[in-house]
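S.K.: What follows is a structure written as structure tokens; I'll ask about it next.
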């Protein structure tokens, strides 16, 4: 089973996770920029974070045979801190990079005017740079937030097939399906979405426009949930081709719209590695 | 120095590089947007028998078109480097050798930053002829030791002929002792450095006969 995790925060994960992900079939992933447990207070820490998503993290992933791309954005929660607003001025330089395959995560946290402004500005940047967009939907008041998200996306003029609306559930999947945007589901150990509900949603909405991710980060989460969904799909009677479509082809099609997805030679580490660094002299 | 890249470019690639060089000559700030696009515009394949790739050579070539020198050139290069992804950072490091005469010491902050990273590609690229010629002795020794420690092959490291002094040989010998004490493999790359200083070599091989370079 070949897996592309379209949304996972590897910066928060260990090399053990990379090893287990590779063993489970993960060969590529996208790490979108998001908030951390601790709020940031200056654009400089964002620049360092973005540099990590483009430098160190892809290098680390490559040691374990996994291709790493990223999405770059100012997330909605930190958009509310005026000290972080200058991050918007950094974005054009980062959106020009080869490893950046989308703008994201953008969207709403509490649906404030500041979030409106930053969301709309970044949709415009996506249009300008020819990049697809990964949209986070709020954890609280999700249905209202998703409805408002879809209105803003529509007003932006971006074609719906360039927009992935994520963290959906039974309440929000239908309206996103009607909008023509891609449907994203974050399968978590306890919250958001679980494996069995995911199977029911795949039965209801089909495999054509659905992406499944682990969204694993610094909270309680599991980077192998993508594989668990694949196994559950097969057990439920979906074909191997269905699994390939959801776990590989759909993410490749969506992020491939950037023209920057590089999956050639996807198992070759970027460089040999040893010593006081991640491999510590032992081959993975 | 930078291998000629134009013969390997497509017509579109050549046109892009010609236009990019002209823009950079007219306005150095234009390099900020052009530099990240080099791989997409010109390709990333290997340049045979050089160890370079097309995007690496295109980026380094683009830097030589900058109408700047000294501190002003150093500051722009540092900005490109520090906001660059790994391919761009390698492009800046690869351009330093060709810019040495115009830069003076103004490119050293870039070399020092690359040597502080844990990315072996950046560490190796920092020890081109520019870094090898301009780093102070202590920093050069630490850099070479870091290469051996992290597995960057010394055959791409410049300056060993003139800068591999007795102190570096001593550091390599101590590293070998440490590895031997831990029951771990001693990298073969320490020997060319240790062998330049027969008394350091003799001391090491007397102490640890099983470690002689011939045995490896």
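Please treat every number below as a calculation from the coordinates, not as lab data. Nothing here was measured: the structure is a model prediction, and the numbers come from that model. Glycine gets a Cβ as well: all are built from the backbone with ideal geometry, and neighbour counts include every protein chain shown.
S.K.: Mind checking the full-extension length gain between residue A:220 and residue A:47? Use 0.36 nm per residue of separation minus the Cα-Cα distance, one decimal, nm.
M.R.: Length difference between fully extended and current span is 59.6 nm.
S.K.: Let me ask something additional. Treating the protein assembly as shown as a set of equal point scatterers at the Cα positions, no solvent, please give the Debye-formula log₁₀ I(q)/I(0) at q = 0.07, 0.09, 0.13 Å⁻¹.
M.R.: So the normalised log intensities are -0.44, -0.70, -1.22.
S.K.: Can you sort B:83, A:196, A:69, A:7 from fewest to most other Cβ atoms within 10 Å of each residue's own Cβ?
M.R.: A:196, B:83, A:69, A:7
S.K.: Take peptide A:55-63, look around each residue's Cβ out to 10 angstrom, count Cβ atoms belonging to other protein chains, and average those counts.
M.R.: The mean count of partner-chain Cβ atoms within 10 Å per residue comes to 3.
S.K.: Highest mean first, how do A:79-88, B:125-134, A:197-206 rank when packing is the count of other Cβ atoms within 10 Å averaged over residues?
M.R.: B:125-134, A:79-88, A:197-206
S.K.: Shifting gears a bit: Sorted from largest down, what three extents in whole angstroms do the Cα atoms of chain A have along their principal axes?
M.R.: Here the Cα extents, ordered largest to smallest, are 51, 48, 33 Å.
S.K.: Also: Arrange A:119, B:149 by Cβ neighbour counts within 10 Å, fewest through most, would you?
M.R.: B:149, A:119
S.K.: What fraction of the Cα pairs in region A:94-179, stated in percent, has a spacing above 21 angstrom?
M.R.: 24
S.K.: Okay, moving on. Which order do peptides A:230-238, A:121-129 fall in by mean Cβ count within 10 Å, highest first?
M.R.: A:121-129, A:230-238
S.K.: Would you please calculate the Kirkwood hydrodynamic radius of chain B over all C-alpha pairs and express it in Å, rounded to one decimal?
M.R.: That comes to 18.6 Å for chain B.
S.K.: Per-residue mean of other chain beta-carbon atoms within 10 angstrom of the beta-carbon, peptide A:89-100?
M.R.: Going residue by residue through A:89-100 and averaging, the value is 4.
S.K.: Residues of B:117-125, mean number of Cβ from any other protein chain within 10 Å of their own Cβ, rounded to a whole number?
M.R.: Shielding by partners across B:117-125 averages 4.
S.K.: With a 10 Å Cβ neighbour count serving as the proxy for reagent exposure, in which order, fewest first, do B:117, A:239, B:64 appear?
M.R.: Least crowded to most crowded, the residues run A:239, B:64, B:117.
S.K.: Give me P(r) over region A:160-257, computed from all C-alpha to C-alpha distances, binned every 5 Å, as integer percentages.
M.R.: Percent of Cα pairs in each bin: 2, 14, 27, 26, 20, 9, 1.
S.K.: Tell me the mean residue ellipticity at 222 nm calculated for the protein assembly as shown from its helices only (DSSP H runs of n ≥ 4, each -39500 (n - 2.57), averaged over every residue, nearest 500).
M.R.: Rounded to the nearest 500, it is -15000 deg cm²/dmol.
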